[in-house]
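Notes to accompany the following structure.
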Amino acid sequence: MDDRQKLLQDWTGKLLAAFEIDGAEVDIDAVLGLAGKAAHGVVRPAAPLTTFVVGYAAGLAVGSGQAEEQVAMRSAMAVADALCAEAATDGGSE
């Protein structure tokens, strides 16, 4: 693990602890990959907005009992991934 990966892993742990969701698993590479797709397929500021909305949507699905945590995250990320791909083919990039 390089320094950047260690820093991101530590930061994610601190965020999870601060929000008292220590048991959650975060696929950092998947989140960063989605952010990259949003940044390059839509516009750069879409990256944090996309990851926020994905997390929010997944949280709502889990909180309402519609899906288990991992299923909710995978589903929300898949929807956003498809929208990013669509935006990229439509020429939405900066």
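The values are calculated or read from the model by the stated rules, or taken from the named source; none is laboratory data. This is a predicted model, so every value here is computed, not measured. Cβ atoms come from the backbone with ideal geometry, glycine included; neighbour counts cover every protein chain shown.
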Members of the stretch 68-83 that are free of Cβ contacts under 8 Å to residues at least 40 places away in the same chain and not aliphatic (A, V, I, L, M) | E68, R74, S75
May I ask you to list the residues in the stretch 1-26 that are in contact (Cβ under 8 Å) with a residue 12 or more places away in the chain, assigned to a loop (DSSP other than H, G, I, E, B) and surrounded by 12 or more Cβ atoms within 10 Å (Cβ to Cβ)?
-> A24, V26
Could you pull out the residue among A67, A35, A87 that is modelled with pLDDT of 95 or more and over 23 Å from Q9 (Cβ atoms)?
-> A67
Would a scan of the stretch 48-67 turn up a residue that is surrounded by 16 or more Cβ atoms within 10 Å (Cβ to Cβ), in contact (Cβ under 8 Å) with a residue 12 or more places away in the chain and part of a loop (DSSP other than H, G, I, E, B)?
-> no
Residue by residue through the stretch 1-43, note down the ones that are out of contact with any helix residue (DSSP H, G or I) (no Cβ under 8 Å at 6 or more places or on another chain) and basic (K, R).
-> R4, K6, K14
